Amino acid sequence: MGRSDVTFAVDGTRCSGWWYPAADGGDDADASSDDRRRPCVVMAHGLAAVKEMRLDAYAERFAAAGMSVFVFDYRGFGSSDGEPRQLLDIDAQHADWEAAVAYVRTRPSVDGTRIVLWGSSLSGGHVLHVAQRVNAAVVIAQVPHTDAIASARSTGLAASARLGLHALYDAGRGALGRSPHYVPATGRPGELAIMSSPEANEYLDLVPEGFDFDQRVAARFGLRLAGYSPGRALAHLTVPVLMQVGTRDQTTPPAAAIKAAGAGRHVTLKVHDVGHFEPYTGEAFEVFVGEQIEFLRSTVLEGPSVPPRTMVITGAGAGIGLAAARLLAGRGWVLCLTDVNDDALAAVRDELGDRHSYEHMDVADAERVGAVMAAFANAHGGSFDALLNNAGLLSMGDFESLSLSRHRTITGVNVDGVLTCTHLAFPYLLGGTDPQVINMCSASADYGVPQLASYSASKFWVKGFTEAINIEWEQHGIHVCDIAPGFVGTGMLDGADGDIVDAVGVNLGAQDVANAIVSATEDRSRVHWVVDSPGSRLQRTIINRAPARLHRLALKRYSGY
């Protein structure tokens, strides 16, 4: 089978890509077993460039070597949708990478544990930045952008200042809802352009004859680029990285890339006497792509497959648990999703597929919890890597207005459930990779919240429990942390319309908290992750730093007493 045109969605916008099946049998229809699934190289181009600018040459070589390949255009560029056109938003392009990886992991022919990120120039920096977030197995960074300061120095003070003025003007137009102010992506020395080095016009040599290429860029990109140094990620990456640098590169400073590579623990650095645009064609292309294929043979083709990370999530049928499951599944995790709502679990299975486990489980039922965890661990070599204690209950009202049984139900899930699941997970976490426990806490653990007495008290328990076993389990290599959001707009708040909710506001969605959960899987330095909107964060900080008497008074007034 040859190349086919495919699409995927990012926040409702259609992105366009090319799909190349592996030459040795990477067809989705033939992938009936794990041994037929192939590594997948995910590729996108650099500054304002599109997939037609020689990425097909690389993709054909990778496919011939036995890998599936997916090449895509960013939103607003090339054949992808998105308005305004040519708006280069670095954060949005990171999201495009994440969505592209999530898409290829849905294809039956792809081994989701062997995802390769390939980037060049600006996208060479992008792949370094997103690699850990998407659980990539391998990264290839060709002549990558690594350091904002080095790039500014290379551009020169006068040219940088000139671009900066245009960037500010365009940012102002954007703030007013007006159309972008564009500058060329490339130009001759002395001309206004993002790239204006002596080699810059070689960029246009990559455009196929007769292809209608738009080389404009919304000028505001210059403001974001000034603070973008993705080479710093190399110090923390734990996957193999191939970095290829050109000593005559006048566009992405080679000294900065070499320095960044030196900080990485798993970097293979190749340095060649070439300029920035030479690796796309001719002899330099043959050298670069040859090194890339040899690197991939030693890592994802003939080397051992990296097992996926595994996690048990409680309360995964809706809300925060479901949002976290979607993100983690897209990053290659294999999940055991549990809930007491069988219909909700069935809907999640329809969405995420049979790669994951789906189990009816009451977190307070120790026998059932033990059976579910044992089965999941046994299916993955006798262990799993993480536990997300997400299941929770909330009822709002004066303490005496709620029945005793309701209070006990709340603490049974929020306290006993966390205790039970964590205790029973311990022996399986011991054998996991970078094992951790993530507990759902709450802003109500900052100070007891009226109308939420038992819920608030249960979250105080979670916070204290987290702090205690974070210290205890450090000796076992198990990291324990909690996530403490304010009010989140999920089904758990349905009907919770007390004064405290009206006063504080529901300023977060499940996705906001899920993003923090994913961050917690990547950063083991924190015990508490506070999640708030900017306004609520300021309010929360001021109240928490106030004397206890003022803190009490604020909560009393917020809750209408």
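Data table
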item: Sum of -39500 (n - 2.57) over DSSP H runs of 4+, divided by residues of the chain (222 nm, nearest 500); result: -11500 deg cm²/dmol
item: Sites excluded, GluC sites (Glu not before Pro) in DSSP loops with at most 12 other C-beta within 10 Å, longest stretch of the chain; result: 303-561
item: Rg and Dmax [Cα atoms of the chain; Å; Rg one decimal, Dmax integer]; result: 25.6, 80
item: Shape of region 77-183, Cα gyration tensor, a/c cut at 1.5; result: oblate
item: Shape of region 300-352, Cα gyration tensor, a/c cut at 1.5; result: prolate
item: Leading residue at positive end of dipole, the chain (Cβ point charges), from 103, 457, 203; result: 457
item: Taking 556, 270 and counting other C-beta atoms within 10 Å, the order from fewest to most; result: 556, 270
item: Residues of region 171-189 with amide N under 14 Å of a point placed 7 Å along Cα→Cβ from residue 158; result: 189
item: Theoretical FRET efficiency, 1/(1+(r/R0)^6), r = Cβ-Cβ of residue 14 and residue 224, R0 22 Å, to 0.05; result: 0.35
item: Residues 155, 113, 146 arranged by fewest to most Cβ contacts within 10 Å; result: 113, 155, 146
item: Charge dipole magnitude, Cβ of K and R +1, D and E -1 - the chain, Cα centre, debye nearest 20; result: 1740
item: Full-stretch length increase - residue 423, residue 367 - with 0.36 nm per residue and alpha-carbon distance subtracted; result: 18.9 nm
item: Contact order relative to length of region 310-558, as percent, for alpha carbon pairs under 8 angstrom and 6 or more apart; result: 19
item: Taking the chain and dividing mean pair separation by its residue count, relative contact order in percent (alpha carbons under 8 Å, at least six apart); result: 10
item: Gyration tensor (alpha-carbon) shape descriptor, region 310-558, a/c threshold 1.5; result: prolate
item: Net lengthening on full extension, residue 378/residue 511 (0.36 nm per residue, minus Cα-Cα); result: 44.8 nm
item: Fully extended contour minus Cα-Cα distance, from residue 447 to residue 550, at 0.36 nm per residue; result: 35.9 nm
item: Net charge dipole size for region 310-558 [Lys, Arg +1 and Asp, Glu -1 on Cβ; Debye, nearest 20]; result: 860
item: Label-point separation in nm, residue 405 to residue 205, each point 7 Å along Cα→Cβ; result: 8.0
item: Long-range lysine pairs (8 or more apart or interchain), the chain, Cα under 29 Å; result: 4
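Read-outs throughout are calculated quantities, based only on the coordinates presented, and are distinct from any laboratory measurement. Everything numeric in this text was worked out from a predicted model, so none of it was measured. So basically every Cβ, Gly included, is an ideal-geometry build from the backbone, and we count neighbours across all protein chains shown.
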